[in-house]
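As structure tokens, the structure follows; a few thoughts come after it.
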Amino acid sequence: MRIISEFLGPNGMALTGNFRNFTSLFKSISILGLKEGLIKLFLENSESKEEKNNIISSFLVFFLLLSFFLAFLILFFAEDFSLYLFKETLFATYLRYFAVLLPFFVLQTLLVTLFNANQEFKKIVGIQIVTNIFLFVSSFYLIYNQNLNGAFFAIAIADFISFVVTLLFVRERFVFSHKFQSKYLKTITKFIAMALVSAIVIPVTAILVRNYIIDHSNLYNAGIWEAITRISGFYMMFFNAGLSLYYLPKLSALQTDIEFKAELKYYFKILVPVFAGVLLLVFLLKDIIISIALTSEFKPVSELLIWQLIGDLFRIMTLAFGFQILVKAMVVKYVLVEVIYNVLFLIVSFFLFDSLHVKGIMQAYVIANAITFFMVLFMFRKLFLNTRIIED
């Protein structure tokens, strides 16, 4: 982030933000339901190695074919995508680089999910550390020598680097049965439906908001908003990773309301206060953090960051229920939460931006997250009134 702010400024921060959201959109679609579905099936077939190999093979075939289809789609419409994202077609080449390397992202995700399902957390941590070292070095070299073009190239090849690093941590020999069994994919149909909503709605919302700022103001303000969301991404990544590794598999094994309520008690008693403490620390040290991660051009970030922190607190509390919605495949609830939150964020952002500019976007983030949290509490109101099994 410091490298981008130093060499590319707020304008470059905004443009790379659009590229990141674009890659996030297609990466998310390429692994629809893979993580949740694979972990669920592994837990259900924990005693059968042959069954596990059949599951891996079926997932591999399906998700690779899906990634190839998406890659061809990007290659065919690369110039159109570039024109919408960056207002010119010059960057279509980097979209094509990303497309060609997309299948490697699927392979890397499959391997890491296998580590997760087998509770090999040390490998996952090692992969993250080594990958980020390589990404930092390569990004610095490319941006320093090629500026914005280098940044785009670094983003395009990032997942290929992650795949190569992941291979270094593979110790167990996975046996592929060469059998494609659709029954496993039928099992994760609900996960695919839910993942599709998030895969499309979340990055598209970010792109729409950023382009709205660019069209109604300038790249500079879009870069300020991107910088704030990137800072948020640092600590949110930490908690999301921890929740995915611990909380998600734990919820998958729960069967009753009583068990879930016990897990909720732990979540709000331990995890939420810890997260609130982190947010307080970030707020108190914001000027130091900004001076390290950004340049003086990003000065407005300091006064606007408080709104992001408040919104993130509501978001982390919502996730306590959101992961339960996910693992129990409550499709209707999931779609409602995702769509309502993002539509709210869009509408309120557009409404407030005209009078408050970027501050309006930040306040819209708080409003959307607060409303979503209370909406989720309302959805689970029966949980606190009786002990019936949670059903969609």
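Quick check: anything in the range 235-243 touching a residue at least 40 places away in the same chain (Cβ under 8 Å) and crowded, with 19+ Cβ neighbours inside 10 Å? Looking through the range 235-243, at least one residue is touching a residue at least 40 places away in the same chain (Cβ under 8 Å) and crowded, with 19+ Cβ neighbours inside 10 Å.
Pairs meeting the criteria (first residue in the range 71-99 and not assigned by TED's automatic domain parsing to the domain that holds Ile214, second residue surrounded by fewer than 16 Cβ atoms within 10 Å (Cβ to Cβ) and not in a helix (DSSP H, G or I), beta carbons under 8 Å, at least 6 apart or on different chains) are Glu79/Thr89; Ser82/Glu88; Ser82/Thr89; Ser82/Leu90; Leu83/Thr89.
Ile361: in a helix (DSSP H, G or I), surrounded by fewer than 18 Cβ atoms within 10 Å (Cβ to Cβ) and modelled with pLDDT of 95 or more, yes or no? Spelling it out, it is not the case that Ile361 is in a helix (DSSP H, G or I), surrounded by fewer than 18 Cβ atoms within 10 Å (Cβ to Cβ) and modelled with pLDDT of 95 or more. In the range 86-122, of all residues being polar (S, T, N, Q) and surrounded by 19 or more Cβ atoms within 10 Å (Cβ to Cβ), the one that is modelled with the lowest pLDDT corresponds to Asn116. Against the test of being touching an Asp or Glu at 6+ places or on another chain (Cβ under 9 Å), farther than 24 Å from Leu34 by Cβ and assigned by TED's automatic domain parsing to the domain that holds Leu60, the options Ile133, Ile143 yield a single qualifying residue, Ile143. If you go through the range 322-352 and keep only what is over 30 Å from Glu44 (Cβ atoms), touching a residue at least 40 places away in the same chain (Cβ under 8 Å) and either buried (at least 22 other Cβ atoms within 10 Å of the Cβ) or touching an Asp or Glu at 6+ places or on another chain (Cβ under 9 Å) (or both), you end up with Asn342, Phe345, Ser349. Out of all the residues in the range 376-383, is one or more outside any helix (DSSP H, G or I), out of contact with any Gly (no Cβ under 8 Å at 6 or more places or on another chain) and either crowded, with 16+ Cβ neighbours inside 10 Å or touching a residue at least 60 places away in the same chain (Cβ under 8 Å) (or both)? Yes. Working carefully through the options Leu208, Leu248, Leu196, Leu271, find the one that is farther than 24 Å from Ile292 by Cβ, without any contact (Cβ under 8 Å) to a residue 60 or more places away in the chain and hydrophobic (A, V, I, L, M, F, W, C). Exactly one of Leu208, Leu248, Leu196, Leu271 is farther than 24 Å from Ile292 by Cβ, without any contact (Cβ under 8 Å) to a residue 60 or more places away in the chain and hydrophobic (A, V, I, L, M, F, W, C), namely Leu271. Among the residues making up the range 330-346, those that are more than 17 Å from Gly33 (Cα to Cα) and among the aromatic types (Phe, Trp, Tyr) are Tyr341, Phe345. Exactly one residue among Ala293, Ala368 is in the same structural domain as Tyr247 (by TED's automatic domain parsing), touching a Gly at 6+ places or on another chain (Cβ under 8 Å), farther than 14 Å from Trp225 by Cα and among the aliphatic types (A, V, I, L, M), and that residue is Ala368. Just to check your reading of the model, which residue among Phe298, Phe275 is assigned by TED's automatic domain parsing to the domain that holds Glu226, under 21 Å from Leu313 (Cα atoms) and at pLDDT 90 or above? Testing whether each residue is assigned by TED's automatic domain parsing to the domain that holds Glu226, under 21 Å from Leu313 (Cα atoms) and at pLDDT 90 or above leaves just Phe275. Ile288 passes every criterion in (1) without any contact (Cβ under 8 Å) to a residue 60 or more places away in the chain; (2) in contact with a Ser or Thr (Cβ under 7 Å, 6 or more places away or on another chain); (3) over 30 Å from Gly37 (Cα atoms) apart from (2).
Out of the range 291-326, which residues are within 23 Å of the chain's Cα centre (by Cα), closer than 21 Å to Gly223 by Cα and aliphatic (A, V, I, L, M)? Hits for the range 291-326 are Ala293, Leu294, Val301, Leu304, Leu305, Ile306, Leu309, Ile310. Number of residues in the range 149-171 that are surrounded by 21 or more Cβ atoms within 10 Å (Cβ to Cβ) and charged (D, E, K, R) equals 1. Of the helices (runs of 4 or more DSSP H) entirely within the range 33-90, those holding at least 2 residues that are more than 24 Å from Leu208 (Cβ to Cβ) and of a type in the set (Asp, Glu) occupy 34-44, 49-76.
The values are calculated or read from the model by the stated rules, or taken from the named source; none is laboratory data. These numbers were taken from a predicted model, which means no experiment stands behind them. With ideal geometry, Cβ positions are generated from the backbone for all residues, glycine too; neighbour counts draw on all protein chains shown.
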